[in-house]
Amino acid sequence: MDVIKVHEDEANQYDQQAAAWGWNPEVFFGLMWEYVRKGDRLLDAGIGTGLCSEPFRKAGVGITGFDGSEKMLGLCRDKQISDDLVVHRIEDVPWPYQDACFEHVIMGGVLHFFGSLRAIFKQARRVLVGPGAFAFNLSLLTTSDQNRHGVADGTPYAKVPDEASGVSIYKHSEAYILSLLGALGMTLEKRLSFLASCNPQTFEEHHSTLFVARKYT
């Protein structure tokens, strides 16, 4: 599946679909508010239409964003969330930014498209100013997932069907996420599991976990 093409095709309906499925991107700001100061700079990697960044903008944070979909960025630009938007895929490294130039980095609703996250996390750390906050959400690989889909213990990530959407997504083990953060010298500050969406036709639920880590060195 070409994720960028899918988002290009659905861009005009994206915000309405997100609302219908119960996606509440404000959860990012809610978990990060104590680290955020007016005038801070935030990079939204995979910004899409800007849903996750909008609360930060309202709090006086400067928003920079990139996404692989030009149509999604066009809609984000129309909202005047950011004047600094670039067409760039999150998996294409290095990202087009200098070292240590943002107080915060967020990735909302994008990491389930990728298996290995090492290169992406390294870029997030590289562009952060210490003690910058790095927040991201993803679907955790559960024991139930392992048993149902024959995933061996200790597997860092696996592509499995998502109950709510019916499409296959990557789920990651918590041990893998914590090991990546530790290897990059980042400290986990907060963790919140929440209902990310609910299929309005079948009422199947999709659960996600939001992590907030910080770079101290």
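The values are calculated or read from the model by the stated rules, or taken from the named source; none is laboratory data. Remember, predicted model here, so these are calculated numbers, not experimental data. Ideal geometry is used to build each Cβ from the backbone, glycine not excepted, and the neighbour counts take in all protein chains shown. Quick note on the areas: whole protein, heavy atoms, side chains included, nothing else; ligands and nucleic acids left out. Shrake-Rupley method; radii C 1.70, N 1.55, O 1.52, S 1.80 Å.
Quickly estimate the mean residue ellipticity at 222 nm for the chain, helices only: each DSSP H run with n ≥ 4 gives -39500 (n - 2.57), and the total goes over all residues, rounded to 500.
Counting only the DSSP helices, I get -7500 deg cm²/dmol.
List the pair-distance distribution P(r) of the range 124-217, using every Cα-Cα distance, as the percent of pairs falling in each 5 Å bin from 0 up to the bin containing the longest distance, rounded to whole percents.
3, 13, 21, 20, 17, 13, 8, 4, 1, 0
Taking only protein heavy atoms and a 1.4 Å probe, what accessible area per residue, in Å², does the range 137-217 have with all protein chains in place?
50 Å²
Roll a 1.4 angstrom probe over the protein heavy atoms and tell me the percent of accessible area of the chain that is carbon or sulfur.
Result for the chain: 50 percent of the exposed heavy-atom area is carbon or sulfur.
If you count, for each residue, the other Cβ atoms within 10 Å and average over each peptide, how do 36-45, 88-97 line up from highest to lowest?
Most protected by this proxy first, the peptides run 36-45, 88-97.
Per residue, how much accessible area does the range 3-127 show when a 1.4 Å probe rolls over the protein heavy atoms, in square angstrom?
Result: 47 Å² of accessible area for each residue.
Mean projection of the alpha-carbon convex hull of the chain over all orientations, in nm²?
For the Cα atoms of the chain, the hull's average projected area reads 11.2 nm².
For the range 97-173, take every pair of Cα atoms, bin their distances at 10 Å starting from 0, and report each bin as a whole percent.
18, 41, 26, 14, 1
Taking the mean number of other Cβ atoms within 10 Å as a proxy for protection, how do you rank 150-156, 163-169 from highest to lowest?
Per-residue Cβ counts within 10 Å, averaged per peptide and sorted highest first, yield 163-169, 150-156.
About the Cα centre of the chain, how large is the charge dipole given +1 on each Lys and Arg Cβ and -1 on each Asp and Glu Cβ? Please answer in debye to the nearest 20.
The dipole of the chain has a size of about 720 debye.
For the range 1-107, count the residues as N, evaluate 2.2 N^0.38 Å, and divide the Cα radius of gyration by that value, please.
The range 1-107 yields a ratio of 1.04.
Starting from the Cα-Cα distance between Thr217 and Phe194, subtract it from 0.36 nm times their residue separation and give me the gain in nm to one decimal.
Extra length available between Thr217 and Phe194 comes to 5.3 nm.
How long is the gain from Ala175 to Trp33 if the chain were fully straight, where each residue apart is worth 0.36 nm and the alpha carbon distance is subtracted?
Length difference between fully extended and current span is 48.5 nm.
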